[in-house]
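Worksheet for the structure shown next.
No value in this document is a laboratory result; all are computed from the given coordinates. The shown structure was predicted, so the numbers you read here are calculated from the model rather than taken from an experiment. Heads up, the Cβs are rebuilt from the backbone with ideal geometry, glycines too, and the neighbour counts pull from every protein chain shown.
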Amino acid sequence: MAKGPGLYTEIGKKARDLLFKDYHSDQKFTISTYSPTGVAITSSGTRKGELFVGDVNTQLKNRNVTTDIKVDTDSNLFTTITVDEPTPGLKAIFSFKVPDQRSGKVELQYLHDYAGVNTSVGLTANPIVNLSAVFGTSILALGVDLSYDTKSGDLTKSNAGVSFTKDDLIAALTVNDKGDALNASYYHVVNPLTNTAVGAEVTHRFSSNENTLTLGAQHALDPLTTAKARVNNYGRASALIQHEWRPKSFFTISGEVDTKAIEKSAKIGLGLVLKP
């Protein structure tokens, strides 16, 4: 794939990952195995209170074609076929879910030195058409993200964003929910040797005049262990420690407490990712 501004989903992604990725209050596990023929099988499960949900995913690769078949605890069958670079810079994705006959979708992603385009169309008589496009460079990028319902003739999603990347900092500004939400985020690498970084995100909703501010930081305690912490303006403080106990295998423990109601029990989450 070509280097450039990337796709729209990458605008503000570094700050979102720092502030929200791997924080959870449930018990989650993911275990992957590989057969001698190269077939990958991944089992995932999440326990939320007394409820347990899980799925099993089988991945097969043949040259530039990857097929993912996933079955969940509700007996849904998800199939995704990805063709990587049938032509330079292009990726084609076909997905559907059984028994939902309206779930079929075709998606195309194209990356260029100065553009990143992603479009998808539902395989129905009156499909929903999604289109996102980013133009610029790896330093400055401007993009839009739209969804159009051909049945109702409504524009169901309308977002726009701009991203600035320079050396050790990334700043992004997006307008979401058809102009109702304004989001600004900032990510700064303090020390690359210890993976120390800080980030912030502020969101303003015009309809409710509500502001949400989240501040966070991360630091590598050693080459295999990373600590993260965050707090928002509502007094919710969270922290996690993630340890890579073998290559690509992680154990994560996270917790959240309401500093305005200390008497309430803290939320504790556990995560396990095991890969051979």
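Straight-line reach from LYS21: which aspartates and glutamates fall under 15 Å, measuring Cα to Cα and dropping same-chain residues less than 8 apart? Within the straight-line limit of under 15 Å, LYS21 reaches these aspartates and glutamates: GLU10, GLU201, GLU256. Both numbers refer to the Cα atoms of the stretch 195-253; Rg and Dmax are 15.0, 48 Å. Using the Karplus relation 6.51 cos²θ - 1.76 cosθ + 1.60 with θ = phi - 60°, the per-residue 3J(HN,Hα) values for the stretch 61-68 come to 10, 9, 6, 9, 10, 10, 10, 10 Hz, with x marking Gly and Pro. Could you state the number of Å between the C-alpha centres of the stretch 85-110 and the stretch 126-161? Distance between centres, Cα-based: 17 Å. Loop exposure criterion: chymotrypsin sites (Phe, Trp or Tyr not before Pro), DSSP state outside H, G, I, E and B, at most 12 other Cβ atoms within 10 Å. Applied to the chain, the longest stretch between such sites is 1-205. The distance from the alpha carbon centre of the stretch 191-218 to that of the stretch 1-66 is 24 Å, rounded to a whole number. By the rule of a C-alpha distance below 19 Å, with chain neighbours fewer than 8 residues away ignored, the lysines paired with LYS264 are LYS48.
Could you tell me the ratio Rg/Rh of the stretch 13-169? Both radii from Cα atoms, Rh via Kirkwood.
1.00
Show that you can apply the helix-only estimate: for the chain, add -39,500 (n - 2.57) for every DSSP H stretch of four or more residues, divide by all residues, and state [θ] at 222 nm to the nearest 500. List each step's numbers first, then the result.
Details: 1 runs with 8 residues, N = 276.
Rounded to the nearest 500, it is -1000 deg cm²/dmol.
Beyond 18 Å between alpha-carbons counts as too far, so tell me which of LYS105/LYS151; LYS61/LYS91; LYS105/LYS178 fall in that bin.
Values: LYS105/LYS151 16 Å; LYS61/LYS91 15 Å; LYS105/LYS178 24 Å.
From LYS105/LYS151; LYS61/LYS91; LYS105/LYS178, over 18 Å: LYS105/LYS178.
Shape annotation for the chain: C-alpha extents along the principal axes are 54, 47, 38 Å, from largest to smallest.
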